[in-house]
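Engineer: Can you read through this structure? Questions will come right after.
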Amino acid sequence: MPLRSPICTIEGHVDHGKTSILDQIRGTSVAKAEAGAITQAIGASIIPLETIQSVSGELLKTLNMDITVPGLLFIDTPGHAAFTSLRKRGGNLADIAIVVIDINEGIMPQTQEAIEILKTYKTPFVIALNKIDRIKGWKESEEFLMQKINSQEPQVQKLIEEKLYEIVGVLHELGFEAERFDRVDDYTKQIALVPTSAETGAGIPELLMVMTGLAQRYLESRLECDKSAPAKGIILEVKEEKGLGKSLDVIIHDGCLNINDTIVIGALGEPIVTKVKSLFQPQPLSEMRDKKAKFSSVKEVTAATGVKISAKDIETAIAGMPVHSVKGEKNIEHAKEQVKKEVEEVLIETESEGVIVKADTLGSLEAVDNLLKEKEIPIKRATIGNISKKDISEAESMYESNPFLAAVLGFNVSVNSAVQPIVKASRAKVITRDIIYKLIEDFEEWQEEEKKKQEKRKLEALARPCRLKMMGKGYIFRQNNPAVFGVEVLEGTLKTGINLMKQDGSRLEPVKSIQAEQESVEKAGKKEQVAISVPGITIGRQLGEEETLLSDIPEQDFRKLKEVKEHLSQEEKNLLKEIAEIKRKENPVWGI
């Protein structure tokens, strides 16, 4: 069975050169081969084997093998995390990936996210260590990469090695063994690092060589494709086209698709069944991202390629969903079942309690789900689209039973302007991010903050330790019914309602009220001098005129205070210890 082109994605951190690398691959290829050798497909660039052979020249001979893949198909929709949002049954749509890392900056959060997700989907990848030309002292030449590196000054070679092995070290921490491509012993065990420059083209022939060799050697069985079979594909984007209406940009990864074919499209409900009205591909060398790009109508396309499909009844289609063509009406039901199975494979298992998750595509939703499961964060509901009023109210309904799950997590989505006032008034937390790890980190940080707030609220309800000094004869304003006298707070916080005791453990009634400068207050802190009223005592009988008093902490409150002791000052902890010692003279197991 013939092989199709491997589907490749380019991933990495913003500004590390993903688009520039692809532009360099295309530009170098066009410069070294016949005009039109690169075919622009919707959302993809098809680079045939002849072009790769022309670019990589003698390098390919070092592989000592017959190249049978017809070329490489690069998915190149800008900003589209294709490996997360494009899935087919049994795995990731991308067969292989390039992860671009700025050799001078190293591995950044988005790089790590890309690597972790590729690892989850078991997608082989090569690392392009880009911007090698920015290394201080680098001199450009017309040779192949290894000759270029070996002809650099010794200090430049040393700097390249240092930067390379810093990245190797970080990859090791992430669970990967890596090595410069020419030193790799076993491509199944080590990640190949290819130094490159998107600016000068250095390392681009080597990168293409490694990609082609890897795909050829390890992906042959996966790349077998019956080009006469019904088509299978994945929606890359759903667009509104002027004069065309809704259209689908689709990557076809198997079979052949023709005009008038019946297609079955996955949906969150019942699959969509419709007919292909027309198929479009950009004209040769046309840049499909250019609004002025010219498209040609075609009668059929075969895998692997990208194509724009015009069809009726596709209003509810969403990115990431599978598309199957059907030969004969009797096969429609079977195709619907197959498509349903593919959708079910990535539908999210939910629980009665958990966070609300929103994402831009089905694949993105799955990527968030995978990482939340790793963190053992339950999901109550997971859907596609921007954050709505319903999401906020559903998250808020969690607040009473579990306030730490009262959150909406949005990946690559926004909050509609009409919903913003509801967000501000809600007890639910809304977090949106375009990096999944940051989304989850922000959620975990919010949970920690919320736990501290909850514990502080609990603390407010508990009796707090304090030590008071009676201010003497001139500050006794009433001797009894109730006794009113001046005190200075020596340690801790004095609050109304707190029970007091003498240093020998003798109990007094609770503090009825506190006055500061003839104003009633609820509490008084350290060094404050206030008047307090205490019923049930007579000064001169139960209480002297200059005694030191402590708060009489209830045993239940003492136990709760121990649970949240990280929120107490060292002074309060010492006071609690002193109070416990006094109490344990009467009851040795008090507070234990």
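Engineer: Output the residues belonging to region 106-138 that are among the basic types (K, R) and not in a loop (DSSP other than H, G, I, E, B). Outline the logic, then answer.
Structural biologist: Of the residues in region 106-138, the ones among the basic types (K, R) are 119, 122, 131, 134, 136.
The answer is K119, R134.
Engineer: Just wondering, is there one or more residues in region 357-377 that are modelled with pLDDT of 90 or more, crowded, with 22+ Cβ neighbours inside 10 Å and in a strand (DSSP E or B)? Write out each step before concluding.
Structural biologist: Taking region 357-377 and keeping what is modelled with pLDDT of 90 or more, we get 357-358, 376-377.
Subset that is crowded, with 22+ Cβ neighbours inside 10 Å: 357-358.
Those still in the list that are in a strand (DSSP E or B) too: 357-358.
The answer is yes; a qualifying residue exists.
Engineer: Out of the residues in region 200-236 that are surrounded by fewer than 19 Cβ atoms within 10 Å (Cβ to Cβ) and within 30 Å of the chain's Cα centre (by Cα), which is modelled with the lowest pLDDT?
Structural biologist: So the residue we want is Y218.
Engineer: Quick one: would you say S393 is in a strand (DSSP E or B) and modelled with pLDDT of 90 or more?
Structural biologist: Criteria not met by S393.
Engineer: Sticking with this one: Any residue at all in region 113-130 that is at pLDDT 80 or above and basic (K, R)?
Structural biologist: Yes, some residue in region 113-130 is at pLDDT 80 or above and basic (K, R).
Engineer: Go through (1) over 25 Å from the mean Cα position of the chain (by Cα); (2) in the same structural domain as D360 (by TED's automatic domain parsing) for E491 and report which single condition fails.
Structural biologist: (2)
Engineer: Here's something else I'd like to know. If V168 satisfies all but one of (1) loosely packed, with under 15 Cβ neighbours inside 10 Å; (2) closer than 16 Å to V194 by Cα, what's the number of the condition it fails?
Structural biologist: The number of the failed condition is (1).
Engineer: Test of understanding: among K512, K527, K495, which residue is closer than 26 Å to K565 by Cα, in contact (Cβ under 8 Å) with a residue 12 or more places away in the chain, of a type outside the set (A, V, I, L, M) and surrounded by fewer than 16 Cβ atoms within 10 Å (Cβ to Cβ)? Let's see the steps before the verdict.
Structural biologist: Values: K512 fails: closer than 26 Å to K565 by Cα; K495 fails: surrounded by fewer than 16 Cβ atoms within 10 Å (Cβ to Cβ).
Going through K512, K527, K495 in turn, just one is closer than 26 Å to K565 by Cα, in contact (Cβ under 8 Å) with a residue 12 or more places away in the chain, of a type outside the set (A, V, I, L, M) and surrounded by fewer than 16 Cβ atoms within 10 Å (Cβ to Cβ): K527.
Engineer: Related question: Before we move on, is V368 touching a Phe, Trp or Tyr at 6+ places or on another chain (Cβ under 7 Å), closer than 21 Å to I234 by Cα and among the β-branched types (V, I, T)? Steps first, please.
Structural biologist: Values: touching a Phe, Trp or Tyr at 6+ places or on another chain (Cβ under 7 Å): yes; closer than 21 Å to I234 by Cα: yes; among the β-branched types (V, I, T): yes.
Judged against the criteria, V368 is a match.
Engineer: Go through region 498-509 and give me each residue that's exposed (fewer than 15 other Cβ atoms within 10 Å of the Cβ) and closer than 13 Å to K469 by Cα. Break it down into steps so the answer makes sense when it comes.
Structural biologist: If we filter region 498-509 for residues that are exposed (fewer than 15 other Cβ atoms within 10 Å of the Cβ), which is where we start, we get 503-504, 506-507.
Passing the criteria: only Q503.
Engineer: Check L248, L223 and return the single one that is in contact (Cβ under 8 Å) with a residue 12 or more places away in the chain, in contact with a strand residue (DSSP E or B) (Cβ under 7 Å, 6 or more places away or on another chain) and farther than 27 Å from I67 by Cα.
Structural biologist: On the way: L223 fails: farther than 27 Å from I67 by Cα.
From the options L248, L223, the qualifying one is L248.
Engineer: Let me ask something else about it. Has region 189-203 got any residue that is of a type outside the set (G, A, S), free of Cβ contacts under 8 Å to residues at least 60 places away in the same chain and in the same structural domain as T68 (by TED's automatic domain parsing)? Don't jump to the end; show me each part of the working.
Structural biologist: Start the filter on region 189-203 by keeping residues that are of a type outside the set (G, A, S), which leaves 189-191, 193-196, 199-200.
Add one more test, that the residue is free of Cβ contacts under 8 Å to residues at least 60 places away in the same chain, and what stays is 189-190.
Filter once more, keeping what is in the same structural domain as T68 (by TED's automatic domain parsing): 189-190.
Yes, there is a match, as at least one residue in region 189-203 is of a type outside the set (G, A, S), free of Cβ contacts under 8 Å to residues at least 60 places away in the same chain and in the same structural domain as T68 (by TED's automatic domain parsing).
Engineer: A further question follows. Would region 11-20 turn up any residue that is within 19 Å of L219 (Cβ to Cβ), at pLDDT 80 or above and more than 30 Å from the chain's Cα centre (by Cα)?
Structural biologist: Filtering region 11-20 for residues within 19 Å of L219 (Cβ to Cβ) gives 11.
Cutting the leftovers down to at pLDDT 80 or above gives us 11.
Now narrow it down to the ones that are more than 30 Å from the chain's Cα centre (by Cα): none.
Taking every residue of region 11-20 in turn, none turns out to be within 19 Å of L219 (Cβ to Cβ), at pLDDT 80 or above and more than 30 Å from the chain's Cα centre (by Cα).
Engineer: List pairs: first residue in region 204-219 and under 17 Å from E179 (Cα atoms), second residue part of a helix (DSSP H, G or I) and among the aromatic types (F, W, Y) anywhere in the structure, Cβ distance under 6 angstrom, at least six positions apart or on different chains.
Structural biologist: Here the result reads V210/F181, each pair linking region 204-219 to a residue that is part of a helix (DSSP H, G or I) and among the aromatic types (F, W, Y).
Engineer: Here's something else I'd like to know. Consider region 549-563. How many of its residues are surrounded by 15 or more Cβ atoms within 10 Å (Cβ to Cβ), outside any loop (DSSP other than H, G, I, E, B) and either at pLDDT 90 or above or in contact with a His (Cβ under 8 Å, 6 or more places away or on another chain) (or both)?
Structural biologist: 5
Engineer: Restricting to region 99-109, count the residues that are among the polar types (S, T, N, Q) and surrounded by 21 or more Cβ atoms within 10 Å (Cβ to Cβ).
Structural biologist: Final tally of qualifying residues: 0.
Engineer: Quick test for you: out of L268, L236, L257, pick the one residue that is assigned by TED's automatic domain parsing to the domain that holds M321, among the aliphatic types (A, V, I, L, M) and over 26 Å from P6 (Cβ atoms).
Structural biologist: Values: L236 fails: over 26 Å from P6 (Cβ atoms); L257 fails: over 26 Å from P6 (Cβ atoms).
Result: L268 is the single residue among L268, L236, L257 that is assigned by TED's automatic domain parsing to the domain that holds M321, among the aliphatic types (A, V, I, L, M) and over 26 Å from P6 (Cβ atoms).
Engineer: Residue check: is G363 in contact (Cβ under 8 Å) with a residue 60 or more places away in the chain, assigned by TED's automatic domain parsing to the domain that holds E491 and either small (G, A, S) or in contact with a strand residue (DSSP E or B) (Cβ under 6 Å, 6 or more places away or on another chain) (or both)? Before the answer, list the steps.
Structural biologist: On the way: in contact (Cβ under 8 Å) with a residue 60 or more places away in the chain: yes; assigned by TED's automatic domain parsing to the domain that holds E491: no; either small (G, A, S) or in contact with a strand residue (DSSP E or B) (Cβ under 6 Å, 6 or more places away or on another chain) (or both): yes.
No: the conditions fail for G363.
Engineer: Among the candidates S278, S310, which residue alone is among the hydroxyl-bearing types (S, T, Y), modelled with pLDDT under 95 and touching a Gly at 6+ places or on another chain (Cβ under 9 Å)?
Structural biologist: Exactly one of S278, S310 is among the hydroxyl-bearing types (S, T, Y), modelled with pLDDT under 95 and touching a Gly at 6+ places or on another chain (Cβ under 9 Å), namely S310.
Engineer: For region 127-141, does any single residue satisfy the condition of being surrounded by fewer than 23 Cβ atoms within 10 Å (Cβ to Cβ), of a type in the set (S, T, N, Q) and not assigned by TED's automatic domain parsing to the domain that holds K438?
Structural biologist: Yes: region 127-141 contains one or more residues that are surrounded by fewer than 23 Cβ atoms within 10 Å (Cβ to Cβ), of a type in the set (S, T, N, Q) and not assigned by TED's automatic domain parsing to the domain that holds K438.
Engineer: Out of all the residues in region 294-305, which are part of a strand (DSSP E or B) and modelled with pLDDT of 85 or more?
Structural biologist: The answer is S297, V298, E300, V301, T302, T305.
Engineer: Separate question: Do we have any residue at all in region 408-417 that's crowded, with 20+ Cβ neighbours inside 10 Å, free of Cβ contacts under 8 Å to residues at least 40 places away in the same chain and either hydroxyl-bearing (S, T, Y) or more than 30 Å from K565 (Cα to Cα) (or both)?
Structural biologist: No, region 408-417 has no match at all.
The values are calculated or read from the model by the stated rules, or taken from the named source; none is laboratory data. The structure displayed is predicted, hence computed values, not measured ones. Here the Cβ is made from the backbone with ideal geometry for all residues, glycine too, and neighbour counts use every protein chain on show.
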